[in-house]
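A.B. asks: Structure provided below as structure tokens; questions to follow.
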Amino acid sequence: MQYIFLHGLGQTAESWEQMLQTIHTKEPLACPSLSDWLHGELASYDILYQNFENYCDSITGPVGLCGLSLGGVLALQYGIEHPEKVHSLTLIGTQYRMPKRLLKAQNLIFRLMPDKAFSGMGLGKQGFIRLSHSMLELDFQNRLGQLACPVLIICGEKDRANKLASFQLKEQIHGAELVVLPHSGHEANLDAPENLALILSAFFRKHDPGF
């Protein structure tokens, strides 16, 4: 079993580092960098998802996916389109239907930020804007029934922008579990890494005795 942790937009693979130090398992854990899958091409969600899909398909055996925000959207789509491959799915602060008003406001903020604010994130200012804009029409609501694996939904207690979507996902995905993470905002892997690790470990062991 390969467990894959997918970070959010504006984060890097290292955003999982503190949390993963608390997880003790013999199972392989991977934290890929999303920017690596754009390969210098014009940033778009379709390119990002295609390369993520190829990455998962190249792994022998099932995968456990855990994604935050943008990473959660990628994990959700892959779980819908490849139910035979995904053993478990964890969605942290994840939208299933893109909030257009929020994305447009986010893009406006990106435009006002200096270029240097994006250094070290693996994707420049224009890349952030293009990628965010390319997600405006994403909507998985009518496909949630295609999920066939155990699903855990996590939302930070202070993550107002994504709390409603998390509760709606809980209602629309059969058998899904929901945890509201205390004292955490949107970036749960940074705000509450140890608590998040405990929750994830319990969920993984529940569905994978070898974890």
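The values are calculated or read from the model by the stated rules, or taken from the named source; none is laboratory data. Every value quoted in this text rests on a predicted model; they were computed, and no experiment measured them. Note: ideal-geometry Cβ built from the backbone for every residue, glycine included; neighbour counts use all protein chains shown. Side chains are part of the model used for accessible areas, which takes the heavy atoms of the whole protein and leaves out ligands, DNA and RNA. Shrake-Rupley method; radii C 1.70, N 1.55, O 1.52, S 1.80 Å.
A.B. asks: Find all pairs meeting these conditions: Cβ atoms under 8 angstrom apart; at least six residues apart or on different chains; first residue within the stretch 150-163 and without any contact (Cβ under 8 Å) to a residue 24 or more places away in the chain and within 14 Å of Leu91 (Cα to Cα); second residue open to solvent by 10 Å² or more (accessible area, probe 1.4 Å) and of a type in the set (Lys, Arg).
C.D. replies: As it stands, the answer is none, since no pair meets every condition given.
Yes or no, residue by residue, for (1) touching a Gly at 6+ places or on another chain (Cβ under 7 Å); (2) open to solvent by 10 Å² or more (accessible area, probe 1.4 Å); (3) at positive phi; (4) of a type in the set (A, V, I, L, M, F, W, C):
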| residue | (1), (2), (3), (4) |
| --- | --- |
| Leu123 | no, yes, no, yes |
| Gly127 | no, no, no, no |
| Ile153 | no, no, no, yes |
| Asn162 | yes, yes, no, no |
| Ser166 | no, no, no, no |
| Ala202 | no, yes, no, yes |
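A.B. asks: Something else: Across the stretch 19-32, what is the total count of residues that are surrounded by fewer than 16 Cβ atoms within 10 Å (Cβ to Cβ), modelled with pLDDT of 95 or more and of a type outside the set (A, V, I, L, M)?
C.D. replies: Total satisfying the criteria: 0.
A.B. asks: Now a separate question. Kindly indicate the residue of the stretch 126-164 that is farther than 17 Å from Ile80 by Cα and in contact with a Pro (Cβ under 8 Å, 6 or more places away or on another chain) and also modelled with the lowest pLDDT among those meeting that condition.
C.D. replies: Only one residue fits best here, namely Ala161.
A.B. asks: Still on this model: Where in the stretch 117-211 are there helices (runs of 4 or more DSSP H), lying fully within it, with 3 or more residues that are farther than 26 Å from Arg97 by Cβ?
C.D. replies: Values: elements: 125-133, 160-172, 188-191, 193-207.
By residue number, 193-207.
A.B. asks: Still on this structure: Which number in (1) open to solvent by less than 30 Å² (accessible area, probe 1.4 Å); (2) at pLDDT 95 or above; (3) assigned to a loop (DSSP other than H, G, I, E, B) marks the one condition that Gly8 misses?
C.D. replies: So Gly8 meets the others, but not (2).
A.B. asks: Residue by residue through the stretch 75-112, note down the ones that are among the small types (Gly, Ala, Ser) and either open to solvent by 10 Å² or more (accessible area, probe 1.4 Å) or in contact with a helix residue (DSSP H, G or I) (Cβ under 6 Å, 6 or more places away or on another chain) (or both). First the steps, then the outcome.
C.D. replies: Keep residues of the stretch 75-112 that are among the small types (Gly, Ala, Ser), which gives 75, 79, 88, 93, 105.
Once the filter is applied, which keeps residues that are among the small types (Gly, Ala, Ser) and either open to solvent by 10 Å² or more (accessible area, probe 1.4 Å) or in contact with a helix residue (DSSP H, G or I) (Cβ under 6 Å, 6 or more places away or on another chain) (or both), the stretch 75-112 yields Ser88, Gly93, Ala105.
A.B. asks: Okay, next question. Given the conditions (1) surrounded by 18 or more Cβ atoms within 10 Å (Cβ to Cβ); (2) touching a strand residue (DSSP E or B) at 6+ places or on another chain (Cβ under 9 Å); (3) of a type in the set (Gly, Ala, Ser), which single one is not true for Gly61?
C.D. replies: (1)
A.B. asks: With respect to Gly72, determine if the residue is crowded, with 19+ Cβ neighbours inside 10 Å, out of contact with any Pro (no Cβ under 6 Å at 6 or more places or on another chain), not in a strand (DSSP E or B) and not aliphatic (A, V, I, L, M).
C.D. replies: When the stated conditions are applied, Gly72 passes them.
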